[in-house]
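Have a look at the structure below, then the notes.
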Amino acid sequence: MAVLWPHTYMNDAGRSVGPARGSLKLGLDRVLVVHDEIDIPFGEIRSRLGGGLAGHNGLKSLGRELGGTDFVRVRVGVGRPDSSDPEIVSAYVLGRFREDPAQVRDLVERAADRVQSIVLGEEQAR
């Protein structure tokens, strides 16, 4: 097992993850990505194997550099702003959480627990 913390922006994460996967000789299904998801309400966590990229530029980068999209995702709901204007959405995603710090800590801890359960085989990505 290895943990990679790319030192790129999320939109370019594939530039780090692709070569690391090659070095470690991992099958695509052995790659687990944790990412924010504006289409899921704040506080919800969902996981799945594969699926669409939903316009998420980081997932597009990963799909391109990994040669496919059949990797495990832990999707952390951050909610969506009231506007669909790309600049407002971008500022929302890149800005600080508006929720109470205790709620954010709880969300991060629950996401980490989900990752651990998947990695240890205690639960399947759903």
Original post:
Hey, in the GNM for the chain with a 10 angstrom Cα cutoff, which one of 97, 42, 71 fluctuates hardest?
Top reply: 97
Original post:
What is the Cα centroid distance between segment 73-103 and segment 1-44, reported in whole angstrom?
Top reply: 19 Å
**OP:** Just grab the label-to-label distance for residue 103 and residue 54, each label 7 Å out from Cα along the Cβ direction, in nm (one decimal).
**Re:** 1.9 nm
Original post:
Antiparallel DSSP bridges in segment 2-126: what percent, to the nearest 5?
Top reply: 45 percent
Original post:
What is the sum of charges around residue 45, taking Lys and Arg as +1, Asp and Glu as -1, for the other residues whose C-beta is under 10 Å from the C-beta of residue 45?
Top reply: +1
Subject >> Accessible area per residue, Å², the chain with all protein chains present, probe 1.4 Å >> reply: 65 Å²
Original post:
With a ≥ b ≥ c the root eigenvalues of the C-alpha gyration tensor of the chain, is it rounded (a/c under 1.5), prolate (a/b larger than b/c) or oblate?
Top reply: oblate
Original post:
Hey, any idea what % of the chain's accessible area is carbon plus sulfur with a 1.4 Å probe?
Top reply: 51 percent
Subject >> From phi via Karplus (6.51, -1.76, 1.60), per-residue ³J(HN,Hα) for segment 83-95 in Hz, x at Gly/Pro >> reply: 10, 9, 4, x, 5, 5, 4, 4, 4, 5, 5, 8, x
Subject >> Zone residues, segment 46-65, relative to residue 110, backbone N less than 16 Å from point 7 Å out along Cα-to-Cβ >> reply: 46-48
Original post:
Around residue 2, what is the net charge, scoring Lys/Arg as +1 and Asp/Glu as -1 over all other residues with Cβ under 12 Å from its Cβ?
Top reply: +3
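The values are calculated or read from the model by the stated rules, or taken from the named source; none is laboratory data. As the structure is a computational prediction, the values presented were derived from the model and not from experiment. Note that each Cβ is placed from the backbone with ideal geometry, even for glycine, and that neighbours are counted across all protein chains shown. For the accessible areas, the whole protein counts, side chains as well, though only heavy atoms, and no ligand, DNA or RNA atoms are used. Shrake-Rupley method; radii C 1.70, N 1.55, O 1.52, S 1.80 Å.
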